[in-house]
1. Provide a single number: the residues in the stretch 68-112 that are within 14 Å of the ligand (Cβ to nearest atom) and either without any contact (Cβ under 8 Å) to a residue 12 or more places away in the chain or among the hydroxyl-bearing types (Ser, Thr, Tyr) (or both).
2. Mind listing whichever residues of the stretch 39-64 are in a loop (DSSP other than H, G, I, E, B), modelled with pLDDT of 95 or more and not hydroxyl-bearing (Ser, Thr, Tyr)?
3. If a residue must be among the aromatic types (Phe, Trp, Tyr) and either assigned to a strand (DSSP E or B) or modelled with pLDDT under 95 (or both), how many such residues does the stretch 65-95 contain?
4. Is at least one residue of the stretch 34-41 at negative phi and within 20 Å of the chain's Cα centre (by Cα)?
5. Out of the residues in the stretch 230-241 meeting the condition of being of a type in the set (Val, Ile, Thr) and within 20 Å of Gly125 (Cβ to Cβ), tell me which one is surrounded by the fewest Cβ atoms within 10 Å (Cβ to Cβ).
6. When the residues of the stretch 127-155 are narrowed to those that are open to solvent by 10 Å² or more (accessible area, probe 1.4 Å) and polar (S, T, N, Q), which ends up nearest to the ligand (Cβ to nearest atom)?
7. Please give the number of the condition Pro34 fails out of (1) closer than 18 Å to Tyr15 by Cβ; (2) part of a helix (DSSP H, G or I).
8. Scan the stretch 200-209 for residues that are more than 20 Å from Val277 (Cα to Cα) and either open to solvent by 10 Å² or more (accessible area, probe 1.4 Å) or in contact with a strand residue (DSSP E or B) (Cβ under 9 Å, 6 or more places away or on another chain) (or both) and jot them down.
Amino acid sequence: MKFAMIGAGAMGLRYGILLQEAGNDVTFIDTWQPNIDKIREQGGAYVSRDHKDRHLVPIKLETPESYHGDPDILIFFTKQMQLADFLKRCEHFFNDRQYAFTCMNGMGHIEKLQQYFADDKIIAGTALIATVLNGPGDVDFMGKRGAGKMNMANLTEKPDEMTHRLFDELEKAQMHPTLTTNFKGTLMTKVIFNSVINTLCTMFEIPMGELGNFEKAYDLGRQLIDEAYDICERDGITLVSSREEEMHALDINTRIDMPLHYPSMYQDMIHDRPTEVDYINGYIAKLGREHNYEAKTHIFLTNLVHLAEYHRANE
Ligand code: NAD
């Protein structure tokens, strides 16, 4: 299949290179000039696994303005706050035959994609796949080959032939996809998961294991989970896991599965980039407001993360 990977950062490079290695035709499209220059100078991107086996993988890279191809599927892996600009700059090669797929964190991206793609062409999901961009043109696929897993669902909740073809390619690329027919529930379950782990680890600049092993981790998580689940219930969203299952997933992921990992929002914080907190805890709070529910803890945490960003900017 022919893919355009919109955003050649950590996740764009990981998905794109694994899809390329599975036999697909992938073109990467990026706007960050140091990354574009480095990849062109090197003739590709350097890929490591858990800091080892660093090697060069040749890739095709274009800017939005230089690309004139006609991919079957456009995969979006930008940060939430970058998406509107990417969409505007890429619009010239969109057509109504193409599908848009993404596993970005947070919420806010679907409404933006809907401005350019019909609902039956939008597929989105969630990725539990840890990847770090060491710097321009240099990516670390954390975990062993085939590590991680992901969910995907059609916005219409009606998988079609192209959905199954995409699923098969993702499976060949060892991304371990699960296809669901619960669009908002699938996405919101990950938003809630991130609203605890990403946010707390980023604010305190700690790896996930340190949160999981903290004696009050259950209490911290429980308060955030309860607020978020109350709001989703009011919105009629059927989450993929119960409150207890979500608490259990938080515990296993932090203490056992990825104790040494720093979440992606942390990577932004330490590189003095804005975090996606407004699209994670901030989105939960916004959804609460639509149902006259004041998500006090999520609002407080959103503001605290902004305080941490502000502090770094003034250091
Ligand atoms: P990323 O920041 O690595 O890349 C996104 C875009 O930002 C790319 O265009 C990249 O070139 C550019 N970029 C990277 N560093 C930059 C810098 N210092 N200054 C300016 N531009 C820069 O983002 P990502 O980690 O690939 O995340 C994409 C989406 O996937 C996000 O919504 C993220 O939350 C989500 N996600 C990430 C991970 C992960 O482990 N990285 C896992 C699951 C989901």
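1. Selection size over the stretch 68-112: 2.
2. Gly43, Gly44, Pro58, Ile59, Pro64
3. 1
4. yes
5. Here the answer is Thr238.
6. Across the stretch 127-155, the extreme among qualifying residues is Thr131.
7. The failed condition is (1).
8. The answer is none; no residue qualifies.
The values are calculated or read from the model by the stated rules, or taken from the named source; none is laboratory data. Not measured: the values here are computed from a predicted model. Every residue, glycine as well, gets a Cβ built from its backbone with ideal geometry; the counts of neighbours run over all protein chains shown. Protein only, heavy atoms only, side chains kept; ligands, DNA and RNA dropped before computing areas. Shrake-Rupley method; radii C 1.70, N 1.55, O 1.52, S 1.80 Å.
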